[in-house]
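Asks: Would you mind keeping the following structure in view while I ask a few things?
The values are calculated or read from the model by the stated rules, or taken from the named source; none is laboratory data. All values reported here derive from a predicted model rather than from experimental measurement. All Cβ positions, glycine included, derive from the backbone under ideal geometry; neighbour counts span all protein chains shown. Surface areas here come from the heavy atoms of the whole protein model, side chains and all, with no ligands, DNA or RNA. Shrake-Rupley method; radii C 1.70, N 1.55, O 1.52, S 1.80 Å.
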Amino acid sequence: MTSARLRTLVVVLLAFWGLGLARLAYAQLLSPGPLSKAHASLEGDQHCNDCHSSGKRVSQGGCLNCHADIGAKIAAGQGLHGLRYKGKPCESCHVEHLGGGGTIRWPGGAPSKLDHSQTGWPLEGAHAGTPCNKCHDKGNARGAHTYLGLSTACASCHKDPHDGRFGPTCKSCHDEQTWKNVKTDSFNHDLARFILRGAHQTTPCAKCHSEPPRWTGFDFAACTDCHRDVHRGKFGPTCTNCHNESRFKPAVMKPGAHPGTSLANGHSTVACRTCHDRGNLLPPSRGVACVSCHKPVHEAAFGNACATCHGTIQWLGLARAVSLAAHEKTAYPLTGQHESVDCARCHKPNLPESARYRELAFDRCVDCHEDAHRGEFSSRDKGECGHCHSTGGFRKTSFGVLAHASTRFPLEGTHTASPCSSCHKGSHPLLDLHVQGKACTDCHENPHGTQFSKEMAQGGCAHCHAPTGWHLPKIDHSTWPLTGAHATAECDACHHPTDEDRKSGRGASYRGIPRKCGGCHDDPHLGQFRLSEPSLECNRCHGTTEFRIPSFDHTALAGWALTGAHEKTACVKCHATTAVGERTTTRWRLPSAECRFCHADPHHQPEGHR
């Protein structure tokens, strides 16, 4: 590089460097100093108008456009800005263009010297010495540290050890000096798990909570958790059965708390010493059974446990449930619908007392119930109802299939599922249980007409059918054995109603069915073997297993042996498809077996070529 070119390069670099210094000097002339770190994104002369209006100082509205959270507090008249500095310019406290973290002119000179009452929440007690950042440790939406957004509720900073049981106002019991300073005189003990009643309301706190006080970790479910049991467990753990919370004496035992004998009704007016002749805490010398004091009045052997029926010490007019329970001990326990029958239905008040109870007849159902069948079953245990009916109700009866087997018509097959009313059609009183006709045709129509008159005379429908099902006949098909596919064919495939059967309304014809193949099957050969001699039946070539012939013995069946080249000749070469009217078939029966029928005579020479 020549010296001239080097000088030129140096001049250019100095020009660019001078231009940069000029711009920097120009910017420095416009700005009074660098912005704080929080406002660093607004550095440069192109952002001056973001905060400064032309020719004016910073307006409060310009600041609040970005600091909307403080603007909301000012508008609501809350916090330090809303109570103390509402309407004052922001730059009176917040000074910019000094770089670094910015400068805040705190009232008092520092955050720790701020009079916190100016925020609307004075710091008292232990709060007054708490460092600011102990509470003010939040950030705002812009990611900067903020003093806003704190709640004055105790639970917003302190964990509630009571789990909200005493409400949100901690000051009702505690002060701000120390947590252990508890104002017990204003505490509502109804909010605790143990509500104070009676003498407990005037008991000093230290009596239960000790000194120094301990407020949690007490057992109080039973009286004996705090009080000594002077009875040493003789009356159980529930002291309130005899004592109340107002005072220990006098003791008044609740009726249901008395061990053994109930103190209800008549016993409630008996003085304790009448029975407890050795003192109230000792059992009576005569014993604790009812018969120890009362003479038995029942002639029946109901035993000495009088409380089984007279549990409430009510001698007369016992509850129905007690009477029903006692009825089990009599010679006729009540079951089924008898349990809901009114006592007077059986023990009629118009009868003498002896006939009403002890001499009441109950051996047979007809002693109380009228025979609804009017003697129809008198031959069966003199018409006793229990063979068919139970105390559960007259309907439905217990006379089922097994019981029907004892009659002259046992139920078999599908008869077991037939409703009684399908055979017993009368109403005497519900159904006519005597059926005269027992032959099949007495109930079922004969769909065959006179086709099977001989069989009907030999045993009726049962000659072919069984009660297990009409469609499962026991037919002897030996006169025309069913083999092959015939054995699995449906009956109505061959035995279907003819036009005559349909006109007469009869079922299918079973007599006179043709036995030759052509009687049921269509002739696919279109008469080749029927209309030309010799006439051949289908079974000449086909069996009943399937129509397709598995192997055809051409010599035995056709009478023409395939030899030589004929053995390998395809069938269609000789047996071609031919049309007969609109139908086509393979021509299996050929008119001739001579060679000239299929082959031309190669030895025949036309005239003039000999």
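Asks: Considering only the stretch 356-369, state which residues are part of a loop (DSSP other than H, G, I, E, B) and under 16 Å from H387 (Cα atoms).
Replies: D363, R364, H369
Asks: Of the residues P213, P168, only one is without any contact (Cβ under 8 Å) to a residue 24 or more places away in the chain and in a loop (DSSP other than H, G, I, E, B); which?
Replies: P168
Asks: Looking at (1) touching a residue at least 40 places away in the same chain (Cβ under 8 Å); (2) open to solvent by 90 Å² or more (accessible area, probe 1.4 Å), find the lone condition where D476 falls short.
Replies: (1) is the only condition that D476 fails.
Asks: Here's another thing I want to ask about it. For the stretch 96-116, give me each residue that is out of contact with any Cys (no Cβ under 6 Å at 6 or more places or on another chain) and surrounded by 13 or more Cβ atoms within 10 Å (Cβ to Cβ).
Replies: E96, H97, L98, G99, G102, T103, P107, L114, H116
Asks: A further question on this structure: Looking only at the stretch 61-88, count every residue that is under 18 Å from H39 (Cα atoms) and in a loop (DSSP other than H, G, I, E, B) and tell me the total.
Replies: Number of matching residues: 1.
Asks: Note down all Cβ pairs under 9 Å where the first residue falls in the stretch 272-300 and is among the charged types (D, E, K, R), the second is open to solvent by less than 90 Å² (accessible area, probe 1.4 Å) and assigned to a loop (DSSP other than H, G, I, E, B), and they're at least six residues apart or on different chains.
Replies: Pairs that qualify, where the first residue is among the charged types (D, E, K, R) and the partner is open to solvent by less than 90 Å² (accessible area, probe 1.4 Å) and assigned to a loop (DSSP other than H, G, I, E, B), are R273/G279; D277/P284; D277/S285; R278/P284; R278/S285; R286/D277; R286/C293.
Asks: Just need a number here: residues in the stretch 43-60 that are in contact with a Leu (Cβ under 8 Å, 6 or more places away or on another chain), open to solvent by less than 60 Å² (accessible area, probe 1.4 Å) and either at pLDDT 85 or above or not in a helix (DSSP H, G or I) (or both).
Replies: Residues that pass the stated criteria total 0.
Asks: Which numbered condition trips up T184, out of (1) open to solvent by less than 70 Å² (accessible area, probe 1.4 Å); (2) at pLDDT below 85; (3) under 27 Å from L64 (Cβ atoms)?
Replies: Of (1) open to solvent by less than 70 Å² (accessible area, probe 1.4 Å); (2) at pLDDT below 85; (3) under 27 Å from L64 (Cβ atoms), only one is false for T184: (3).
Asks: Is there a residue being at pLDDT 85 or above, of a type in the set (A, V, I, L, M) and either surrounded by 13 or more Cβ atoms within 10 Å (Cβ to Cβ) or over 30 Å from A271 (Cβ atoms) (or both) anywhere in the stretch 243-253?
Replies: no
Asks: Can you tell me which of F409, F377 is modelled with pLDDT of 85 or more, hydrophobic (A, V, I, L, M, F, W, C) and part of a loop (DSSP other than H, G, I, E, B)? Walk me through it before giving the result.
Replies: On the way: F377 fails: modelled with pLDDT of 85 or more.
On inspection, the qualifying residue turns out to be F409.
Asks: How many of the residues making up the stretch 369-414 are surrounded by fewer than 12 Cβ atoms within 10 Å (Cβ to Cβ) and on the phi > 0 side of the Ramachandran plot?
Replies: 5
Asks: Would you pick out the residues in the stretch 147-165 that are in contact with a helix residue (DSSP H, G or I) (Cβ under 6 Å, 6 or more places away or on another chain) and either outside any loop (DSSP other than H, G, I, E, B) or at positive phi (or both)?
Replies: Of everything in the stretch 147-165, just one residue is in contact with a helix residue (DSSP H, G or I) (Cβ under 6 Å, 6 or more places away or on another chain) and either outside any loop (DSSP other than H, G, I, E, B) or at positive phi (or both), namely C154.
Asks: Oh, and also: In the stretch 514-553, how many are assigned to a loop (DSSP other than H, G, I, E, B), among the polar types (S, T, N, Q) and open to solvent by 60 Å² or more (accessible area, probe 1.4 Å)?
Replies: Qualifying residue count, the stretch 514-553: 3.
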